[in-house]
Amino acid sequence: VSHKLITGGSDVTGLLQAAGQAASESRLLLWTRDAAAERELSAYPISGVVPLNSIPYAGVTINNGGGDKLSYYLHASFSYRRTGCGAIRNVTATLTLRNDAPRHGLPAYVTDTNSNSRPGLQRVNVAYYASAGADVVSVTHDGRPIHTSGGQERGHTLTFFAYTLPFDT
C-alpha cells in the first residue's frame, strides 16, 4: 500500500474515503508503541481506547480465538436498547454474529485452527463494555446462558466470553 501511494497509480481520494468510512465504523483503529504519541492519540475515537468517563457507554470487541482465517467471512451487528434515563437504566445489548464463508472449497490454511477446535468451527473471543458501575445480569444465546468472565477496563464494566460459530466445511 505504501509503495502504491508513493509511486502513484492509485486512487488516493478513494483510498482516503474508504479509510474515513472504516475509521467512522471503528474498523480502522490506530496504535503506536511510542507512549507519548499514544497518549496524544488516545484522545481521539480512532484510537479505539475505551473512554475514561461515567457517561452511558456500550462497546464490543471481537477477536479471532482459533488461529484460522475465517474472520474475513465474519459479519457482526450490535444493537443497544435502554429504558430509563436516570441513575437506573435497563439495557438490552444484542450482538449478532454470522459466518458467510463458502461451505466448500476453502484451503486448509483458512479453516484449520491452532486451538482444540476442529476445522468447521470458528472460535471468537467477545468482550462487551458497559457503562461504569453497570451490572451485567445475563448473557444468553437463544435463551441459554453463556459462561462469562468479568472485570473492569478504565472504570467500565467488562464482560467477556469465548464463542464458537459452526462452519461446515
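Inspect the range 11-21 for any residue being without any contact (Cβ under 8 Å) to a residue 24 or more places away in the chain and in contact with a Phe, Trp or Tyr (Cβ under 9 Å, 6 or more places away or on another chain) and give the result as yes or no. Lay out the reasoning, then the answer.
Going residue by residue through the range 11-21, those that are without any contact (Cβ under 8 Å) to a residue 24 or more places away in the chain are 11-21.
Those still in the list that are in contact with a Phe, Trp or Tyr (Cβ under 9 Å, 6 or more places away or on another chain) too: none.
Taking every residue of the range 11-21 in turn, none turns out to be without any contact (Cβ under 8 Å) to a residue 24 or more places away in the chain and in contact with a Phe, Trp or Tyr (Cβ under 9 Å, 6 or more places away or on another chain).
Got a sec? Which helices (runs of 4 or more DSSP H) wholly within the range 1-56 have at least 1 residues that are open to solvent by 80 Å² or more (accessible area, probe 1.4 Å) and at pLDDT 85 or above? It would help to see each step written out before you state the result.
On the way: elements: 2-7, 12-24, 35-41.
Counting at least 1 such residues, we get 12-24, 35-41.
Return the residues of the range 129-145 that are of a type outside the set (D, E, K, R) and open to solvent by 40 Å² or more (accessible area, probe 1.4 Å); say none if nothing qualifies. Spell out the reasoning first.
Let us first name the residues in the range 129-145 that are of a type outside the set (D, E, K, R), namely 129-134, 136-141, 143, 145.
A132, G133, V136, V137, S138, T140, H141, G143, P145 - these are the residues of the range 129-145 that are of a type outside the set (D, E, K, R) and open to solvent by 40 Å² or more (accessible area, probe 1.4 Å).
Could you please tell me which pairs satisfy a Cβ distance under 8 Å, a separation of 6+ or placement on different chains, a first residue in the range 75-103 that is on the phi < 0 side of the Ramachandran plot and open to solvent by 60 Å² or more (accessible area, probe 1.4 Å), and a second residue that is in a loop (DSSP other than H, G, I, E, B) and polar (S, T, N, Q)?
R103/T169
Wholly within the range 65-156, which strands (runs of 3 or more DSSP E) include no fewer than the required count, namely at least 1 residues that are within 21 Å of V50 (Cβ to Cβ) and in contact with a helix residue (DSSP H, G or I) (Cβ under 9 Å, 6 or more places away or on another chain)? Give the derivation first.
Details: elements: 74-83, 90-99, 121-132, 149-153.
By residue number, 121-132.
The values are calculated or read from the model by the stated rules, or taken from the named source; none is laboratory data. As the structure is a computational prediction, the values presented were derived from the model and not from experiment. Neighbour counts run over all protein chains shown; Cβ positions are idealised from the backbone, glycine included. Calculation scope for accessible area: heavy atoms of the full protein, side chains included, ligands and nucleic acids excluded. Shrake-Rupley method; radii C 1.70, N 1.55, O 1.52, S 1.80 Å.
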